[in-house]
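A short reminder: the numbers here are calculations on the coordinates, not readings from a lab. Computed from a predicted structure; not experimentally measured. Reconstructed Cβ throughout: ideal geometry from the backbone, glycine too, with neighbour counts over all protein chains shown.
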Amino acid sequence: MHADIHLQLHALTASELRHEAAAVRPPAAAPVPALRARLGWRLVELGLRMVAPADSPAVLAA
């Protein structure tokens, strides 16, 4: 198979898949920035707990 034909077939298939995905995708709702920030800080806290020595006391922030 020639490379240009393969590329055209790939472009057609990708286009069809994008069209099908757009048909079933729910409307995009932007994530709430405050929620994103809270989740980010929770992940930072989790990471810090993972690297802290086992004998250090856990301090929870509100």
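Please work out the FRET efficiency for the pair ARG36 and THR13, using the Cβ-Cβ distance as r and a Förster radius of 22 Å; give the result to the nearest 0.05.
0.05
What does the charge count near LEU12 come to, summing +1 for each Lys or Arg and -1 for each Asp or Glu among other residues with Cβ under 15 Å from its Cβ? Walk me through the numbers on the way to the answer.
Details: positive: ARG18; negative: ASP4, GLU16, GLU20.
Cβ neighbours under 15 Å give a net charge of -2.
Shown in residue order for region 17-25 are the 3J(HN,Hα) couplings computed by the Karplus curve 6.51 cos²θ - 1.76 cosθ + 1.60 at θ = phi - 60°: 5, 4, 5, 5, 5, 5, 6, 9, 6 Hz (x for Gly and Pro).
Spacing of the modelled spin labels on HIS6 and MET50, each 7 Å from Cα toward Cβ, amounts to 3.9 nm.
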